[in-house]
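The values are calculated or read from the model by the stated rules, or taken from the named source; none is laboratory data. Computed from a predicted structure; not experimentally measured. Reconstructed Cβ throughout: ideal geometry from the backbone, glycine too, with neighbour counts over all protein chains shown. For accessibility, only protein heavy atoms count, side chains too; no ligands or nucleic acids. Shrake-Rupley method; radii C 1.70, N 1.55, O 1.52, S 1.80 Å.
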Amino acid sequence: MKTLAVAVALALLLAACDTSAAPNPSPSGSQLAAVVVASELVAGPQQRVPIGILDHNTPVTDAAVHVRAFVLQGTTGVMKGEADAPFKGAGLEGAGAYVAHLDLIPAGNWGLEITATRPNGARLSQRLAFNVIAAPVVPGVGQAAPASHSPTIHDVADPATIDSGRPPDDMHQLSIAQALQQHKTTLVVFASPAFCTSRVCGPEVHVIQGLEPAYRNRLTFIHVEIYRDFVPDPSKRQLAQTVVDWRLQTEPWVFLIDANGIIQSRFEGPTASDEVKAAIDQLLR
C-alpha cells in the first residue's frame, strides 16, 4: 500500500501525480522540489490540495508556499485561482503537508505553479501537471459510505490481530456497518501503524486518538487496519476486505460520516489535528 505522506521518498510521491517543469536551482545550494501528495483530486469548489516540499529529497516544514492553479488547454493555461498553502502538521510528530484550498472546476488537465521560500533563502518555482477527475474513485463527499463489516474486538480473541499498533487502540468497538445501521455520526481512519511505508500512519492514528476524548459522546471512532493476517507472520499479510471495499490505494485516509451514512469530509495523506477538528466541528453543528 502506497503512502502519500510528505515523509515518503520523492520517487514514491511522484508516482501519484504527473509532474512537469524541473524546479529552479536555489542560489543557496538547496535543491527544492514540490509534489502533489494525493492519489486523486476531484472537481469541485475549495478542494484540499496537499503539497510536499522537499530539499534534496528531504521534507521541509518551514517554507512559505503559494500556489496558482491553471486549466490546461493545449499548450496554454487559463488561471483559475490562487492560494497560500500553509504547513499543516499539528499532532503529526514532525510530518505534515502544505495545504492549499482551490476551486478545481472543471474536470480535466490542470497545472499548478508552486513558489516556495525558506528562511535560509532557498527558493522554488515549479510547475506540476495533474488530472482533476469528475467523480471520485475512493468514496467521496456526498456519497453513501460503504457498509463494510470491518472487524471489531468482538470478532477476535486478541485485538492485536486487527490493529498493528502497539498497543492496539480502542477504536474497534463497532464495525462501519454497525455504525451506519445505528445511524451514528462516525469518524473512520484507515491506517496501518506497523506496516506503513512512512512514519505517518502511526501519528495519524495518534491525531485521531487525541481528539477522541473531547468528542466520544457525540462521535463514533473507528480505526480500520489496512492489512489482515499479519499475525503471526507479517510477511503473509493481505489487504483487509474493508480497504478493498473502499477502493483505497494509499494510506492514511480519514472520513467523516453523518448520521444518515453520507460522507461529509475526507482527507488523504497526513492530516493535521486542526484540520480534522474543524471538520468534526462542522459535522456536529
Tell me, which helices (runs of 4 or more DSSP H) lie completely within segment 155-245 with 1 or more residues that are aromatic (Phe, Trp, Tyr), open to solvent by less than 70 Å² (accessible area, probe 1.4 Å) and modelled with pLDDT of 95 or more?
201-215
Please specify each residue of segment 78-108 satisfying the condition of being in a strand (DSSP E or B), in contact (Cβ under 8 Å) with a residue 12 or more places away in the chain and open to solvent by 40 Å² or more (accessible area, probe 1.4 Å).
80, 82, 84, 87, 88, 101, 103
The listed residue being touching a Pro at 6+ places or on another chain (Cβ under 8 Å) and at pLDDT 95 or above, out of 62, 55
62
Could you grab the pairs with beta carbons closer than 6 Å, sequence gap of 6+ or different chains, first residue in segment 119-140 and farther than 23 Å from residue 268 by Cα, second one at pLDDT 95 or above and in a loop (DSSP other than H, G, I, E, B)?
119/62
Residue 127 vs (1) open to solvent by 70 Å² or more (accessible area, probe 1.4 Å); (2) over 17 Å from residue 32 (Cβ atoms); (3) in a strand (DSSP E or B): all pass except (2)
Does residue 267 satisfy the criteria of being closer than 13 Å to residue 176 by Cβ and under 11 Å from the mean Cα position of the chain (by Cα)?
no
Residues of segment 246-278 satisfying the condition of being small (Gly, Ala, Ser), open to solvent by less than 10 Å² (accessible area, probe 1.4 Å) and at negative phi
272
List every residue pair whose Cβ atoms sit under 6 Å apart, with the two residues 6 or more apart in sequence or on different chains, where the first one lies in segment 225-246 and is over 29 Å from residue 143 (Cβ atoms) and touching a residue at least 40 places away in the same chain (Cβ under 8 Å) and the second, anywhere, is surrounded by 12 or more Cβ atoms within 10 Å (Cβ to Cβ) and not hydroxyl-bearing (Ser, Thr, Tyr).
230/237
Which members of segment 130-139 meet the condition of being more than 22 Å from residue 75 (Cβ to Cβ) and buried (at least 17 other Cβ atoms within 10 Å of the Cβ)?
136, 138, 139
